[in-house]
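The values are calculated or read from the model by the stated rules, or taken from the named source; none is laboratory data. The shown structure was predicted, so the numbers you read here are calculated from the model rather than taken from an experiment. Heads up, the Cβs are rebuilt from the backbone with ideal geometry, glycines too, and the neighbour counts pull from every protein chain shown.
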Amino acid sequence: MTTPILRVRDISTALVGRKSVIQVLTSVDLDVFRGEIIGLVGESGSGKSTLAAAILNLLQPPQTLQSGSAFLTLPNGEEKDLLAISEGELRRLRWQNIAYIPQGSMNVLNPVLTIKRQMTDMLLHHGLNHAQALERAQAALQMVNLSSNVLNRYPHELSGGMLQRVVIATAVTMNPAVIVADEPTTALDVVTQRLILQELMKIRDTLGTTIILISHDMGVMAQVADRIAVMYAGRLAEVGSVISVFEEGLHPYTKGLIASIPQHHNERVRALPGEAPTPWHYPQGCRFHPRCPHAMAACSQALPELLVHAPQHLAACYLYEYPDNALEINRTPAQVIIQNGKGLHERSANCS
């Protein structure tokens, strides 16, 4: 693969209180490559949004960055550590080089300002004049299939799907190299979800934008992502291409997530046993071992490292460090799942 456009190294975060420090993320490493959609997936509370906030240097107390770096490659080839530069320099890079689509579009936009004011203010801050800012805003709205008439509306006058597309349009107005999209389809109906995913794929295909897509939905990842990074309890459990993860998933947690996707209308949903631990109750060793049907002695003693176990396929699991205990690859019929998204890819290509 090419050189990563974003290199995340050793990111650890904690909840810092008056009398305690609670670990949340632990030594997360991740490479993100130019022009890809990489899906960050896991159950609620796995640390996906916290990792996104850490990368963007948006953590708020009591969340605190303990260690780590996030090196973003700029158009001139220079690397900038988003976690080490000044606030002023970070403001210059935001939106222009890396943008953020936060959760809950209904809560993101200011209810007393027009869409025009909210989209153009950021552009004016980056040095564009009013005419240029308006032109950029109109072009961005057109990219997500919204009329320029939306600019004169207030947020309460738009539907949830339209609001989400406004937020996406705002993120692409400066044509950033990287967009972090945190649960962009949450609280939307399935038809609107599909439209939003189409828009994100169109942006990637048209502008060459790299997208980090955060979701708890493995079905969405199968349809949209090029690669998948699976998170569990503040750690990366597995990273690989969408095909390799779905067909040759290594980590027992990944296998459980895939098995929970219903593939037939009358099929009973197979839920993972137990519950994901909160940061206050992370177990010693592998954090999945209390729920893992293949746990062994080593699993409860120390955290497994994220290691390469197949070409460009990493997993943090002791099963593959002890070959005698390794699981037989249980081939998931990934094509059955991915086939459901075939039309999504085709429509996205047609739109572009």
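Summary table
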read-out: Exclusive hit being surrounded by fewer than 19 Cβ atoms within 10 Å (Cβ to Cβ) and at pLDDT below 95, set 69, 44, 27; value: 44
read-out: Top-ranked residue in segment 244-270 [being surrounded by 15 or more Cβ atoms within 10 Å (Cβ to Cβ) and among the hydrophobic types (A, V, I, L, M, F, W, C); ranked as farthest from residue 316 (Cα to Cα)]; value: 261
read-out: Every residue from segment 270-279 that is touching a Ser or Thr at 6+ places or on another chain (Cβ under 9 Å) and modelled with pLDDT of 90 or more; value: 276
read-out: Residue that is nearest to residue 10 (Cα to Cα), among those in segment 58-89 that are small (Gly, Ala, Ser) and in contact with a Leu (Cβ under 8 Å, 6 or more places away or on another chain); value: 68
read-out: Yes/no for residue 194 being farther than 23 Å from residue 273 by Cβ and more than 13 Å from the chain's Cα centre (by Cα); value: yes
read-out: Segment 142-194, residues that are within 19 Å of residue 220 (Cα to Cα) and of a type in the set (Ser, Thr, Tyr); value: 185, 186, 192
read-out: Answer from 141, 124 - the residue that is over 22 Å from residue 52 (Cβ atoms), in contact with a His (Cβ under 8 Å, 6 or more places away or on another chain) and without any contact (Cβ under 8 Å) to a residue 40 or more places away in the chain; value: 124
read-out: Where residue 120 falls short, out of the listed (1) outside any helix (DSSP H, G or I); (2) more than 21 Å from the chain's Cα centre (by Cα); (3) surrounded by 19 or more Cβ atoms within 10 Å (Cβ to Cβ); value: (1)
read-out: Filtered residues of segment 191-220 (kept if touching a residue at least 60 places away in the same chain (Cβ under 8 Å) and among the β-branched types (Val, Ile, Thr)); value: 203, 206, 209, 210, 211, 212, 214, 220
read-out: Unique residue being over 25 Å from residue 28 (Cα atoms) and either modelled with pLDDT under 50 or surrounded by 12 or more Cβ atoms within 10 Å (Cβ to Cβ) (or both) when the list is 291, 331; value: 331
read-out: In segment 100-117, residue nearest to residue 187 (Cα to Cα) [restricted to those that are of a type in the set (A, V, I, L, M) and part of a helix (DSSP H, G or I)]; value: 106
read-out: Checking residue 88 against (1) under 26 Å from residue 233 (Cα atoms); (2) part of a helix (DSSP H, G or I); (3) not basic (Lys, Arg), the condition it does not meet; value: (1)
read-out: Qualifying positions in segment 224-251 - within 15 Å of the chain's Cα centre (by Cα), at negative phi and part of a loop (DSSP other than H, G, I, E, B); value: 225, 226
read-out: Odd one out for residue 273 among (1) surrounded by fewer than 18 Cβ atoms within 10 Å (Cβ to Cβ); (2) within 16 Å of residue 235 (Cβ to Cβ); (3) without any contact (Cβ under 8 Å) to a residue 24 or more places away in the chain; value: (2)
read-out: Any hit, segment 294-301, residues being touching a residue at least 60 places away in the same chain (Cβ under 8 Å) and surrounded by fewer than 24 Cβ atoms within 10 Å (Cβ to Cβ); value: no
read-out: Where residue 162 falls short, out of the listed (1) under 30 Å from residue 29 (Cα atoms); (2) out of contact with any Asp or Glu (no Cβ under 9 Å at 6 or more places or on another chain); value: (1)
read-out: Among (1) of a type in the set (A, V, I, L, M, F, W, C); (2) in a loop (DSSP other than H, G, I, E, B); (3) within 13 Å of the chain's Cα centre (by Cα), the one test that residue 40 misses; value: (2)
read-out: Per-region count, segment 129-145, residues modelled with pLDDT of 95 or more and either more than 15 Å from residue 172 (Cα to Cα) or assigned to a loop (DSSP other than H, G, I, E, B) (or both); value: 3
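Matching residues to (1) at pLDDT below 95; (2) part of a loop (DSSP other than H, G, I, E, B); (3) more than 22 Å from the chain's Cα centre (by Cα); (4) within 23 Å of residue 44 (Cα to Cα):
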| position | (1), (2), (3), (4) |
| --- | --- |
| 253 | no, no, no, yes |
| 264 | yes, yes, yes, no |
| 268 | yes, yes, yes, yes |
| 303 | no, yes, yes, yes |
